[in-house]
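The values are calculated or read from the model by the stated rules, or taken from the named source; none is laboratory data. Not measured: the values here are computed from a predicted model. For neighbour counting, all protein chains shown are included, and Cβ atoms are generated from backbone atoms with ideal geometry for every residue, glycine included. Areas reflect the complete protein model, heavy atoms only, side chains present, ligands, DNA and RNA absent. Shrake-Rupley method; radii C 1.70, N 1.55, O 1.52, S 1.80 Å.
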Amino acid sequence: GGYVANSLAIMTDALHMLTDLSGIILTLLALWLSAKSPTKRFTFGFHRLEVLSAIISVLLVYILMAFLLYEAVQRTIHMDYEINGDIMLITAAVGVAVNLIMGFLLNQSGHLHSHSHSHPHSHVPQSNSPNTAHSGSHGHGSLAVRAAFVHALGDLVQSIGVLVAAYIIRFKPEYKIADPICTYVFSILVVLTTVRILCDTGVIILEGVPRHLNVDRIKEDLMKIEDVYSIEDLNVWSLTAGKTTAIVHLQLVPGSSSKWEEVQFKARQLLLNTFGMYKCSVQLQSYKQEISKTCASCQSSSA
């Protein structure tokens, strides 16, 4: 519709909707990849393909946006273009209608999902820390739908802006400058929508700690486990969005090496249930073994 009407505003609005479509496709890709079994070569599976797909889709969106911005600048300078106001108005109206329907469906879905999880499960044994993770997992789906609903409202506002610009151009063709102005505004919205995707994928590729986790908090909770003397090493990273992995090396209190199974079980339960890890590995070592190792390294360095 934007191409036929020669309207950059509608093209930019479509570009913003393309970013939403990319997000949906990436979600479906993640679901499909999570069902595939790891191989001998890719022992973690193929979760990182989702990250690569996200980067490629965002780069394609930026290339298209750069082209639209260039055309908007040329139109602003030369003003030698004509816009079919009728087609632009019809296309913008269809866009508003679609966004209204999408917002209504998401709103209904959010209410149904929150109602289905509103009743507490009293028959499940709960403790203080795991209870937080348990209740959070029930609200996660509803929160995701609500976030999608808020995003749909943003898309609706943008579509209404295009509709207003189309109305102006249809009945006041001399104000056709509204078309490139909409392109400038919506390009900023596209950048704001995609910059977080780039930041999150960058953290995943660099194997950084996900934004929702605090390493110091994890260490504090691990140190509260009985018979844990110290934490020698803790690595936390993401295979992809929502799939966090951890490797921790614990040192046991002297004389408690016989309780290593109990300590390992508690540490794994803490990482998997409380902090929502997708996978974790807990390595244990007695305090005396670490002391002898340190002395050996000191002797070699002094020699």
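Side notes on the structure shown:
- Qualifying residue in the range 178-185 (condition: without any contact (Cβ under 8 Å) to a residue 40 or more places away in the chain, assigned to a helix (DSSP H, G or I) and not hydrophobic (A, V, I, L, M, F, W, C)): no
- Tally of residues being of a type in the set (A, V, I, L, M, F, W, C), more than 30 Å from T244 (Cα to Cα) and surrounded by 15 or more Cβ atoms within 10 Å (Cβ to Cβ) across the range 186-213: 1
- Neighbours by Cβ (under 8 Å, 6+ apart or cross-chain): first from the range 226-242, free of Cβ contacts under 8 Å to residues at least 40 places away in the same chain and assigned to a loop (DSSP other than H, G, I, E, B); second open to solvent by 10 Å² or more (accessible area, probe 1.4 Å) and among the β-branched types (V, I, T): D227/V253
- Candidates V253, V248 - the one that is aliphatic (A, V, I, L, M), over 20 Å from the mean Cα position of the chain (by Cα), farther than 25 Å from A54 by Cβ and buried (at least 16 other Cβ atoms within 10 Å of the Cβ): V248
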